[in-house]
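Student: Handing you a structure now.
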Amino acid sequence: MLRTRPVESRDLDLICEHRQKMFQASGKPREEELAAMDVPFRDWLRPRLEDRSYFGFIVENEGEVIGGIGLMVIDWPPHPSHPQDDRRGYVLNMFVEPDYRGRGVATDLMKAADVEFQRRGIRYAILHATSKGRPLYEHLGWSGTTEMARQY
């Protein structure tokens with residue numbers, strides 16, 4: 001039986017593991033890049049879990065963790081997409097174990113995120129989608145934006 005629970009401080013290692021697996025599944029970063037990110041991400045995440053500025057949900061099947069999603073509320077200037085709000089929701093670290101994909105776990109996690117953002121008064125949220133994740137997000141009403149990036 002599936003159970004969804006809130007992310008807790010004790011989930012630090014689990015979230016770090018999911019983040020590594022999420023990036024590996026995307027096929028983009030090299031192993032060296034993932035390894036270089038590990039300690040800095042862990043150091044970044046720890047205080048945010050403790051102060052609950054990083055929140056989200058974990059899905060378990062009979063005590064076995066099978067997926068999770070991270071959420072944040074980020075400071076952002078008012079924008080045409082949210083002209084009266086100076087915050088955005090941000091979805092990160094969405095991961096479902098391969099054996100459980102295609103069973104609605106990711107959909108349930110995204111719906112839980114929607115409810116939580118609405119509970120916190122967030123009316124606009126963003127995420128970065130892989131090509132594999134994009135169909136799910138589009139099905140749930142998300143749309144692409146004009147975001148670009150540059151590395152220095």
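The values are calculated or read from the model by the stated rules, or taken from the named source; none is laboratory data. All values reported here derive from a predicted model rather than from experimental measurement. Don't worry about glycine lacking a Cβ; one is built from the backbone with ideal geometry, like all the others, and counts go over all protein chains shown.
Student: Taking region 1-60 as the search range and keeping residues that are in contact (Cβ under 8 Å) with a residue 40 or more places away in the chain and among the small types (Gly, Ala, Ser), which one is surrounded by the most Cβ atoms within 10 Å (Cβ to Cβ)?
Tutor: Selected residue: GLY56.
Student: Give the residues of region 110-140 that are assigned to a helix (DSSP H, G or I), of a type in the set (Lys, Arg) and at pLDDT 95 or above, sorted by residue number.
Tutor: Narrowing region 110-140 to residues assigned to a helix (DSSP H, G or I): 110-119, 134-139.
Imposing the further condition that a residue be of a type in the set (Lys, Arg) reduces the set to 111, 119, 134.
Matches in region 110-140: LYS111, ARG119.
Student: Filtering region 89-109 down to residues that are surrounded by fewer than 14 Cβ atoms within 10 Å (Cβ to Cβ) and of a type in the set (Gly, Ala, Ser), which residue is modelled with the lowest pLDDT?
Tutor: GLY102
Student: Taking THR107 and the conditions (1) assigned to a helix (DSSP H, G or I); (2) under 23 Å from LEU12 (Cβ atoms); (3) among the hydroxyl-bearing types (Ser, Thr, Tyr), which numbered condition does it fall short on, given that it satisfies the others?
Tutor: Going through (1) assigned to a helix (DSSP H, G or I); (2) under 23 Å from LEU12 (Cβ atoms); (3) among the hydroxyl-bearing types (Ser, Thr, Tyr) one by one, THR107 breaks only (2).
Student: Related question: Which ones in region 64-88 are in a strand (DSSP E or B), at pLDDT 95 or above and surrounded by fewer than 16 Cβ atoms within 10 Å (Cβ to Cβ)? Before you say what the answer is, go through the steps one by one.
Tutor: To start, the set of residues in region 64-88 that are in a strand (DSSP E or B) comprises 64-75, 79, 82, 87-88.
Filter once more, keeping what is at pLDDT 95 or above: 64-75, 87-88.
Within region 64-88, GLU64, ILE74, ASP75 qualify.
Student: Would you mind stating whether ARG52 is in a loop (DSSP other than H, G, I, E, B) and either of a type in the set (Asp, Glu) or under 15 Å from the mean Cα position of the chain (by Cα) (or both)? Don't jump to the end; show me each part of the working.
Tutor: Working: in a loop (DSSP other than H, G, I, E, B): yes; either of a type in the set (Asp, Glu) or under 15 Å from the mean Cα position of the chain (by Cα) (or both): yes.
Considered against the rule, which asks whether it is in a loop (DSSP other than H, G, I, E, B) and either of a type in the set (Asp, Glu) or under 15 Å from the mean Cα position of the chain (by Cα) (or both), ARG52 comes out as yes.
Student: Which one of TYR90, TYR54, TYR100 is touching a Lys or Arg at 6+ places or on another chain (Cβ under 9 Å) and within 24 Å of THR130 (Cβ to Cβ)? Give the steps one after another, and end with the answer.
Tutor: Details: TYR90 fails: touching a Lys or Arg at 6+ places or on another chain (Cβ under 9 Å); TYR100 fails: touching a Lys or Arg at 6+ places or on another chain (Cβ under 9 Å).
Exactly one residue qualifies, and that residue is TYR54.
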